[in-house]
Amino acid sequence: MKLDHVTIRTHQLALNRDFLISVLPLVEGPRPASIIAAVDGHWLYFKDWPLLHLIKSAISLNEDTEQQAEAIDHFAFVMDEDYKQFKEKLRGLNIPFQRNHMPELNRKRIFFHTPTKILIEVIFEQ
């Protein structure tokens, strides 16, 4: 297992993109069409890997939320385990999950939450 990426939810996309690129050895790179259609954001690459994903927060800017910390949306792992076996494991543990396939990246993805509602993404490369 390895860490695939970190997604940061923010209402300041450009500010965070520019800051991260200026501080870390990252460059903005392409995003799959299916992701572009679903959510506004940026993928920041380290070498040839999209390590940091920035996505637009649904929270609007106002006095109450402007000073709140940004949030990490989820973390993701590329799995060595079999996709079907992993789905069965989740079903056996009564853990609800959602599937999402990205044919343009040759990946199958499963999303589920921890008991405290942290979102986890597991990726199976085809």
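Bear in mind that the values in this text are calculations on the coordinates, not laboratory data. Quantities reported herein were computed from a predicted structural model and do not represent experimental measurements. Here the Cβ is made from the backbone with ideal geometry for all residues, glycine too, and neighbour counts use every protein chain on show.
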Requested in this report: Calculate how steeply helix 83-92 sits against the longest principal axis of the alpha-carbon atoms of the chain, using the helix alpha-carbon long axis, and give the answer as 0 to 90 degrees to the nearest 10.
Outcome: 80 degrees
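Quick one: compute the contact order of the chain, relative version, from alpha carbon pairs under 8 angstrom and 6+ residues apart, as a percent. Mind dumping the intermediate values first?
On the way: 210 pairs, mean separation 33.7, N = 126.
Normalised by residue count, the contact order of the chain is 27 percent.
Scan the chain and hand back the longest stretch that contains none of the trypsin sites (Lys or Arg not before Pro) lying in DSSP loops with at most 15 other Cβ atoms within 10 Å.
Details: sites that count: LYS47, LYS117.
So the longest stretch without any such site is 48-116.
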Report task. With no solvent and one equal point scatterer per Cα, compute the Debye intensity ratio I(q)/I(0) for the chain at 0.15 Å⁻¹ and report its log10, rounded to two decimals. Result -> -0.79
Report summary line: What helix-only [θ] at 222 nm does the chain give? Using -39500 (n - 2.57) per DSSP H run of at least 4, over all residues, to the nearest 500, the answer is -6000 deg cm²/dmol
Query raised in the report: Using a Cα distance threshold of under 20 Å, what count of lysine pairs results for the chain when pairs must be 8 or more residues apart or interchain?
Result: 11
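Which GluC sites (Glu not before Pro) in the range 77-126 sit in a loop by DSSP (not H, G, I, E or B) and have at most 12 other Cβ atoms within 10 Å of their own Cβ?
On the way: sites: GLU81, GLU88, GLU104, GLU121, GLU125; in loops: GLU81.
Here the GluC sites (Glu not before Pro) that fit, given the DSSP loop and packing criteria, are GLU81.
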Query - Highest-fluctuation residue, VAL39, VAL23, VAL78 considered, GNM on the chain with Cα pairs under 10 Å - result: VAL23
